[in-house]
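K.L.:
Below is a structure I'd like to ask you about.
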Amino acid sequence: MAEGGEGTCPQVFVVDSQANCVSVPSRSKQRWARAGQKFIFLLMGLAMLGLVVEGFLIYNLYKKTEALSLCQNKPNPKTSGLQGGNINSQVGNKESNEIPSVRPHEEQAQQRPFAQLIGSGSPQGENNVVLWVHKGGESIIHNMDYNNGRLLIEKDGYYYLYSKVTLNAAEECSLIQHKVMKDTKAYGNSIELMKSKSLHCRTPKPSSAKGSVGEDLWNSFLAGIFLLQSGDEIFVTLENIQKMLPGTTDNLMGAFMISP
């Protein structure tokens with residue numbers, strides 16, 4: 001008992017029936033929450049792995065594409081040296097102000113023999129050999145020679161030969177033989193390279209046709225490729241050479257090397 005003779009009041013506890021109850025999560029719900037977190041982490045890991053794999057594939061594709069482009073742009077060793085040499089020579093010429101030298105194949109082409117002869121005012125030679133104008137006008141001879149209607153070959157090789165003649169076949173009928181011949185050291189007789197043979201008869205002209213009276217012009221053209229050697233002689237023969245029409249443009253003979 002307390003002082004003053006008064007007793008202590010007993011404590012009174014009041015229970016509120018309206019208070020909310022605090023729910024404690026059960027063990028099963030905690031397990032499901034943990035499983036969900038693990039599943040989310042697993043999905044995130046798979047997504048990261050997919051990104052890594054995709055990056056690796058893209059890198060490999062880039063490397064292959066780069067290697068392919070390098071192979072396509074790789075210079076040819078056979079031509080790169082020539083191109084580099086040309087570039088270097090051009091740069092060197094600009095710096096040194098030197099005259100550019102002629103390339104080997106161009107120099108070789110310039111040294112190839114060729115000749116063109118035009119008709120003469122007096123084309124009749126011995127044994128029906130046609131004589132030509134070899135100097136002046138449109139005539140030219142390079143790395144070859146000429147003697148009495150004959151082209152003299154100085155270098156071995158394949159040559160393109162050609163010849164054109166124009167005749168006045170005023171008679172009723174004339175046998176015309178146009179030949180390109182060759183004399184060589186290997187044989188004693190002349191060799192026939194090309195021939196045009198025809199029987200040409202005079203063509204009647206109407207009275208209104210223009211032209212000189214008693215003229216009936218006819219021409220023949222021969223051409224071919226032949227292997228010639230140094231010392232060979234090429235010439236043209238013509239039967240009835242007296243019928244040949246004199247003139248520088250009506251008659252031609254030529255030769256030029258196409259390959260050594």
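K.L.:
For the pair residue 199 and residue 145, what calculated FRET efficiency results from E = 1/(1 + (r/R0)^6), where r is the Cβ-Cβ distance and R0 = 22 Å, to the nearest 0.05?
P.N.:
On the way: r = 36 Å, r/R0 = 1.65.
With a Förster radius of 22 Å, E is 0.05.
K.L.:
Lys and Arg at +1, Asp and Glu at -1: add these up for the other residues within a Cβ distance under 13 Å of residue 129 and post the number.
P.N.:
Working: positive: 150, 179, 182; negative: 126, 183, 233, 239.
Net of charged neighbours comes to -1.
K.L.:
Pull out the extension gain between residue 154 and residue 242, defined as 0.36 nm times the separation in residues minus the alpha carbon to alpha carbon distance; nm, one decimal. Mind showing how you got there, number by number?
P.N.:
Numbers: separation 88, 0.36 × 88 = 31.68 nm, distance 3.13 nm.
Additional length available on full extension: 28.5 nm.
K.L.:
Could you provide, to the nearest whole Å², the per residue accessible area of region 110-193 with probe 1.4 Å? Before the final figure, lay out each step's value.
P.N.:
Working: 4390 Å² over 84 residues.
About 52 Å² of surface per residue is accessible.
K.L.:
Suppose accessible area is computed on protein heavy atoms with a 1.4 Å probe; arrange 43, 161 from highest to lowest.
P.N.:
Details: 43 90, 161 5 Å².
Result of the area sort, largest leading: 43, 161.
The values are calculated or read from the model by the stated rules, or taken from the named source; none is laboratory data. Just so it is clear, the structure is predicted and the values come from calculations on it, not from any experiment. Please note: Cβ atoms are built from the backbone with ideal geometry, for glycine as well, and neighbour counts cover all protein chains shown. Please note that ligands, DNA and RNA were not included when accessible areas were found on the heavy atoms of the full protein model with its side chains. Shrake-Rupley method; radii C 1.70, N 1.55, O 1.52, S 1.80 Å.
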